[in-house]
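The values are calculated or read from the model by the stated rules, or taken from the named source; none is laboratory data. Worth saying up front: this structure is predicted, and the values here are computed from it rather than measured. Cβ atoms come from the backbone with ideal geometry, glycine included; neighbour counts cover every protein chain shown. For the accessible areas, the whole protein counts, side chains as well, though only heavy atoms, and no ligand, DNA or RNA atoms are used. Shrake-Rupley method; radii C 1.70, N 1.55, O 1.52, S 1.80 Å.
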Amino acid sequence: HAQANELYIALHKNATSIQVTIADNGIGFNYQTATQKNGLGLHNIQLRIAYLKGTIHYTASTPTGTSVHINIPIT
């Protein structure tokens, strides 16, 4: 869907949290429009991160691609 030809994935752990960064060079998307649709993809991701008491932040812009930053605390 993203028409990306590059993907970056980073996973870092420290004493208090796990950070995940995922980025691509695709066409991006409008986050507000995507969350207003009845799809389950973004909603399911948000629910799973919330269950882990984590946070998720999307930087999705057309046409520069998408970055997703997830932070999950370690308890």
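Residue-level check: of (1) in contact with a Phe, Trp or Tyr (Cβ under 6 Å, 6 or more places away or on another chain); (2) touching a residue at least 40 places away in the same chain (Cβ under 8 Å), residue 31 misses just (2). Test residue 18 against the criterion of being open to solvent by 40 Å² or more (accessible area, probe 1.4 Å) and assigned to a strand (DSSP E or B), and give yes or no. It is true that residue 18 is open to solvent by 40 Å² or more (accessible area, probe 1.4 Å) and assigned to a strand (DSSP E or B).
Close contacts from the range 52-75, counting a first residue that is more than 21 Å from residue 28 (Cβ to Cβ) and a second that is assigned to a loop (DSSP other than H, G, I, E, B), with Cβ to Cβ under 7 Å and a gap of 6+ residues or different chains, come to 71/54; 72/52; 72/54; 73/16; 73/53; 73/54; 74/16. Among all residues of the range 30-42, there is none that is open to solvent by less than 70 Å² (accessible area, probe 1.4 Å) and assigned to a strand (DSSP E or B). When you scan the range 49-58, do you find a residue that is in contact with a Ser or Thr (Cβ under 6 Å, 6 or more places away or on another chain), at pLDDT 90 or above and open to solvent by 70 Å² or more (accessible area, probe 1.4 Å), even just one? No; the residues of the range 49-58 include none that is in contact with a Ser or Thr (Cβ under 6 Å, 6 or more places away or on another chain), at pLDDT 90 or above and open to solvent by 70 Å² or more (accessible area, probe 1.4 Å). Within the range 14-31, is there a residue that is touching a Ser or Thr at 6+ places or on another chain (Cβ under 6 Å) and hydroxyl-bearing (Ser, Thr, Tyr)? No, there is no match, as no residue in the range 14-31 is touching a Ser or Thr at 6+ places or on another chain (Cβ under 6 Å) and hydroxyl-bearing (Ser, Thr, Tyr).
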